[in-house]
1. Which angle from 0 to 90°, rounded to the nearest 10, does the C-alpha axis of helix 265-277 make with the longest principal axis of the chain?
2. Give me the distance between the Cα centres of the range 3-61 and the range 238-303, rounded to whole Å.
3. Bin by bin, in steps of 10 Å, what percent of the Cα pairs in the range 1-83 do you find, going until the bin that has the longest distance?
4. Positive end of the charge dipole of the range 87-200 (Lys, Arg +1 and Asp, Glu -1 on Cβ, about the Cα centre): tell me which of Met132, Tyr120, Pro178 has its Cα farthest that way.
5. Just the accessible area per residue of the chain, please: how many Å² with a 1.4 Å probe?
6. Of the accessible area of the range 201-273, with the probe set at 1.4 angstrom, what percent is carbon plus sulfur?
7. Over the alpha-carbon set of the range 200-300, work out the extent along each principal axis and list the three values in angstrom, largest first.
8. In the Gaussian network model of the chain, springs joining C-alpha atoms below 10 Å, which of Gln168, Gln144, Gln222 carries the largest mean-square fluctuation?
Amino acid sequence: MRINYNAFRRYANHPAITGTKALSDKIGTGVYLLGLYARPLPATGWQSSVSPLLLTAVHSNPDSAKYIVNAYMAQVARFYRDAHIPRFLAQQGRMYQKAIGQVSRNRPSVAFIPTMEEYYGSRKQAYTIVVMPFFITQWGMGWQTGEGQAARLFNISAPYRDQQVQGQRVVDPGFNDPEAVRTLCVHEFGHSFVNPYTMQPVLRERINQYKDLFKPVPNQAQYTDWLTLFNELTVRAGEIRIALKMRLPSESQRLRELYKDWPYLDHFTTQLAYYESNRSKYPAFTDFLPDLISSLEKLRFTP
């Protein structure tokens, strides 16, 4: 990040920087996701329609939201030229390739995607890992573009561990960690099988009927509302169960230990085990989701 900062700090007052700060106040890290819909820089415009979820967060009026994101991406395209981004990418090309190489060597086995699709009962068109080596360590997010079998999943990952830097050269980009690669793949891709459905107005309202169950997670201050906690618990319980499906009991146990401070995790893993045992009744996770929500009633009577 220091290399990144030093390379571009003289552009600190560029309209794209102030625009990013302003848009981040509305959609947070969702500002990074706009690039998944945009045409490759330095072109402007869109290669696919921006998610309504993002646009609604930008502005309640659809036309105003589109105007804002169009203007913002024009600023980004201008920054791409003004700040000589191609030159920076060329200078750091070997480091990017090393980061991609580390992730490629450590990604899950070829059985991972079929197992995940079978588990959740749906298929996707593509799965893409996007590396962000010039970003803070141990950060990631998942997102889906498109719908149904045309959906494309993205796992955006910063370095998993501290990098080794000599001068202005990155010796180790910090992605050489098979446990972290697998965990983030299952976790971030898993969100794309869960969040698009829990965010639908009817189900979201049902989930939030249990918002009194919210408890903060120790050392996880970024999770501040019940819907987010529900999604995280569902995905993390899925990680534990999918590891068992892949015949990785030690990995499943490692995840249980890693997530031991999460409230209600045992309840969610138990519910997913029930889902697995009743796939004739629940062909897909979406069929089970209403019953998972109803099961929250039990938590109100659990000490």
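1. Tilt of helix 265-277: around 70 degrees.
2. When both Cα centres are located, 36 Å separates them.
3. Using 10 Å bins, I get a P(r) of 17, 50, 27, 5 for the range 1-83.
4. So the residue furthest toward the plus end is Met132.
5. Accessible area per residue: 53 Å².
6. 50 percent
7. Largest first, the range 200-300 extends 37, 36, 22 Å along its Cα principal axes.
8. Of the options given, Gln222 has the highest mean-square fluctuation.
The values are calculated or read from the model by the stated rules, or taken from the named source; none is laboratory data. Just so it is clear, the structure is predicted and the values come from calculations on it, not from any experiment. Quick reminder, even Gly has a Cβ in these numbers, built from the backbone with ideal geometry, and neighbours come from all protein chains shown. Only protein heavy atoms, including side chains, enter the accessible area calculation; ligands, DNA and RNA are left aside. Shrake-Rupley method; radii C 1.70, N 1.55, O 1.52, S 1.80 Å.
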